[in-house]
Every structure is written in structure tokens, then in C-alpha cells.
Amino acid sequence: MKSDPGYFGNDSMMWKVNKEITVLFGGARALLMHAAHPLIAAGARQTSFYQRDPWKRLIRTLSLQNSVTFGTKEEADDSAHRINKLHEVIKGKDSVTGKIYDALDHEQLLWVHACLQLSSLYFYEKTVQKLTIEEKNQYHKENMLSAELVKIDIDSMPKTHEELKNWVINKSKEGEYLLHTDVAQDVFEIIGGGPVPGHIKPIWPFISFTAYNTLPSEFKKIYGIKDTKLKSFLVNFNLTLLKITRPFLPPFFRLIPPARWANQRINKNPDLKFKDKSKI
């Protein structure tokens, strides 16, 4: 029986980028960008997810991306459905800004989507290889499916990766679009040294240091992160070292578990389920 390749398959840009272990860097960076948006922070405050299980909240930032990229179509749809049902009840009036937040609001959904896409591609280029404009736009086009699955109006989305990047930059420069709230501070501290699984702990200081110091300037201002020549040198040196050594690493250290699972499902065992990915 032939395995369902899912929405993309292993020759897609989504697969090419999202399989890399460095998506953890992108996830941590994206989470900091998410939390700097006060209305995204308000939704997180309502659920108290950061306080109850901060590691699970970080992983959930990547969960839809992983299931849509590497799961079957049915598994991707189920994952999106669960997230959409959760989003239906996350709404109210933000106690900090007095504005209405709604997890199904187009702009708020697009912010979450865009920050993760920008961070994923940023670290792919820093740790694997440069991408052409065409490759970035192909990733953007494919990732619009992920956006559509979580009810983002794709007709109202920026049409290219560069347009999406400029949208985030321009929004971040608007007065009080970004704020340092209690949730932003919680996320900052979680990324800096919150509870992470034992197998991640040895590399987590590097991930958090890199996530902090590769943020766009407007976000660094929010978190009070100061640029120094030493920080810049250390970030560039370590990312370059990772890029050089990456080709020599075995798949276990180079690819995320969902990608290794998907390879086995497509090439060896079509009956594997997405929940089995932790066994690979």
C-alpha cells in the first residue's frame, strides 16, 4: 500500500526547510516575536498556558507546521481542526491595551504565521544554505496552505515572502504595536532558562542566546536586549560552525523527529501514524 505523502511530499520547500533541527531556533525566536504583540499576549494570558506548561506551549508553536508538512492530509486536517476549536474560545478585552483580542482575527493569526515563517527561513539560511528569491516565494506559496487551514484569509495575505517580511517590519514600527507585557516577560524568562526536556538541555543555552540576539531591532528594544560586538561575533561564529559541521551529522542529530518519521512512513512503513514520531 502506497503511503499518503500529505499535502506536500519530500520534494517540497516546506519539507526541505522544516525538517532541519534548527527549526527549534526559529520556534524560540518566533515565540518571542509572538509574545511582543500585546493582543497575542492577551490570548496567552487567558489560557495561562505559559505558566502551566511553558515547554508544551513552545512545542505547540511548531506543531501545526510539523503536522501539515510531514503528516498525512487527514492528520494535518485534524491538527488544524484542534487548533481552530481552541481558538474559538480565546477572545475578550485586553487588560493592558483595552483592545479586543480574538484568536480567529485575521491580523492576529497572520502575525503568528508570519513570525514563524520569517524565523524558520532565517535560520535555514544561517545554518544550511542560502535560498533564492524563487525558493523563498515557493515556500511562502506552500505555507499559505497552513495559513488557510487555520482560517487565515489567504486572499488578504501578502503575496510574496518579501512582502510578508516587510509587513512584519512595518507593523513592528507602529506606535505601541509591540509592548513589553507580563506575558512577554514570562516568555523571555522561559526562553532564557525555563523547564525543557533533559535531551534538549545541553544545547538550550545556545538556542536561547541565538533566539534573543537574532531578533529584529524593534523586538530587541521591547525586551531590552543590547547589541554588542561580542554577541554579534558569537552568534555568527556559532551559526557558521553549525553550518559547516551539519553535513557530517547523522540524521538523528540533523533532522527533527517528525521528518525522520515521515521518511520511514513514505519509504518503509505506510501504516505509521503521526503519534508514533517520538519512537523514531
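Read-outs: derived from the displayed coordinates by stated rules, not from any lab. Note that the structure is a prediction, hence the values are computed from the model and not measured. Glycine gets a Cβ as well: all are built from the backbone with ideal geometry, and neighbour counts include every protein chain shown.
Where in the stretch 213-253 does the label zone of H180 land, with the point 7 angstrom along Cα→C-beta and an amide N cut-off under 18 Å?
213-228
If Lys and Arg each add +1 and Asp and Glu each add -1, what is the summed charge of the other residues whose beta carbon sits under 9 Å from the beta carbon of N213? Kindly include the intermediate steps, with their values, before the conclusion.
On the way: positive: K220, K231; negative: D227.
Local charge sum for N213: +1.
Determine the alpha carbon to alpha carbon distance for each of K19/K85; K173/K221; K19/K243; K171/K231; K165/K243 and list only those over 19 Å.
The answer is K19/K85; K171/K231; K165/K243.
What are the ³J(HN,Hα) couplings of the stretch 72-87, residue after residue, when phi is run through the Karplus curve with 6.51, -1.76, 1.60 and θ = phi - 60°? Round to Hz, x for glycine and proline.
Using θ = phi - 60°, the values come out as 6, 4, 5, 5, 5, 5, 5, 4, 5, 4, 4, 5, 5, 5, 5, 5 Hz.
Quick one: what are the phi-derived ³J(HN,Hα) couplings along the stretch 235-247, Karplus 6.51/-1.76/1.60 with θ = phi - 60°, whole Hz, x for glycine and proline?
4, 5, 5, 5, 5, 5, 4, 4, 5, 6, 7, 3, x
At L234 and E134, where each label point lies 7 Å from the Cα along Cα→Cβ, what is the point-to-point distance in nanometres?
4.1 nm
Could you line up K126, K73, K220 from fewest to most neighbouring Cβ atoms inside 10 Å? If you can, show how the numbers build up before the last one.
On the way: K126 21, K73 12, K220 17.
Least to most surrounded, the residues fall as K73, K220, K126.
Kindly rank 255-262, 116-123, 224-231 from highest to lowest mean number of other beta carbons found within 10 Å of each residue. Kindly include the intermediate steps, with their values, before the conclusion.
Details: 255-262: 21.2, 116-123: 23.1, 224-231: 10.2.
My ranking of the peptides, most packed first, is 116-123, 255-262, 224-231.
With r as the distance between the Cβ atoms of K141 and D77 and R0 = 22 Å, compute the FRET efficiency 1/(1 + (r/R0)^6) and round to 0.05. Before the final figure, lay out the partial values.
Working: r = 19 Å, r/R0 = 0.89.
Here the calculated transfer efficiency is 0.65.
Report the gain in length on full extension from L86 to S63: 0.36 nm times residue separation, minus Cα-Cα distance, nm rounded to one decimal.
6.9 nm
Taking the number of other C-beta atoms within 10 Å as the exposure measure, put V68, V128, V89 in order starting with the fewest.
Lowest to highest Cβ neighbour count: V89, V128, V68.
Which value in Å does the Kirkwood hydrodynamic radius of the chain take, with 1/r averaged over all unlike C-alpha pairs and then inverted? Intermediate results must be reported in sequence, preceding the final value.
On the way: mean 1/r = 0.0518 Å⁻¹.
Taking the inverse mean of 1/r over all distinct Cα pairs, the chain comes out at 19.3 Å.
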